[in-house]
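Structure first, commentary second.
Rule-based calculations on the coordinates, nothing more; no lab input. Predicted model, so just to flag it, every value in this text is computed and none were measured. A quick note on method: Cβ atoms are made from the backbone with ideal geometry, for glycine too, and the neighbour counts reach across all protein chains shown.
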Amino acid sequence: MSKVIAIVNQKGGVGKTTTSINLSTAFAAVGKSTLLVDLDPQGNASTGLGISYRSREEKNIYKILLSSENKLIGSAIFDIKEIPNLSLISSVVDLSAAEIELSQLERGKFVLKSALEKIRDNYEYIIIDCPPSLGLLTINALTAADSIIVPLQCEFFALEGLSHLVKTVELIKRNNLNPCLVIEGILLTMYDKRNKLSEQIKNDICQYLNDKVYKTIIPLYETIIPRNVRLSEAPSHGKPAIVYDLKCPGAQAYISLAKEILKKHASCCQEKKLVSEGIV
């Protein structure tokens, strides 16, 4: 059964796109058929996978969301030749106007969900790279997703906006837009072990999430993504860090994250199976 995961944080510069690209690549590398949906008008995930602006003009998420052609979503998918098992639906700058157009549609919050349902069974994982906002594009992602991952950078003001995001998720569930949506985990990014502030922020985040109010709502991943030059360089070469420099700390961290998530999902599936069989 496929799983749709949205990478969400309304703050910019926290590592959403880096996480989307490299987590998708890591899933693909272990044989999981994976689709990355670039829902950010900046299109950095598309650029980071080497898809040119010209190539995106005819095949992009904007055409899928805002036309009757969402039934043709399969024809808008790029297969990433250098990375077997990985595909992409790209983004274009025009997507920045999509929120106004979506707001005029009766079911404007469900357009992405409707489109993805047509191809969902073709993939084991669908990763959605969200824009740095909580507008209609992100609401579409939250409506379509099974779960979300929230990257938080180990820098000052890291927790700013987290409460608002949690409230948005609760509203999505309460209003029956997506009653089963869960926050899968918080991912700490840009961690620099040489920096005392980075270590302090990491400790503050851990303490905050261990508060009983959040403990069962927002788990924290054991994997921490380090600040890493090679990880930052990779997108400018149109490659994920895992392809650009497999041995760099950033690439290895995302491989560890993928393993952690896959292990968690396997455990959940086994538990559900035992429950359905009446064993537990």
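Here are the numbers for the structure shown:
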| read-out | value |
| --- | --- |
| Peptides ranked, highest mean first, by Cβ atoms within 10 Å: ranges 121-129, 98-106 | 121-129, 98-106 |
| Residue exposure sequence - L162, L152 - by fewest surrounding Cβ within 10 Å | L162, L152 |
| Relative contact order (percent, whole number), the chain, Cα cutoff 8 Å, 6+ residue spacing | 24 percent |
| Relative packing of peptides 137-145, 219-227, 84-92 - highest average C-beta neighbours within 10 Å first | 137-145, 84-92, 219-227 |
| Lys/Arg +1, Asp/Glu -1 at C-beta; the chain dipole; positive extreme among P240, G74, L137 | P240 |
| Stretchable slack from L159 to R230, in nm (0.36 nm times residue separation minus alpha-carbon distance) | 22.9 nm |
| Subset of K113/K167; K202/K247; K63/K167; K109/K239 violating a 28 Å alpha-carbon distance limit | K63/K167; K109/K239 |
| Distance in nm between pseudo-label sites at D192 and N176 (7 Å out along the Cβ direction from Cα) | 5.0 nm |
| Spatial separation of Cα centroids for the range 81-122 and the range 147-211, in angstrom | 25 Å |
| For the range 84-217: relative contact order, % (alpha-carbon pairs under 8 angstrom, 6 or more apart) | 21 percent |
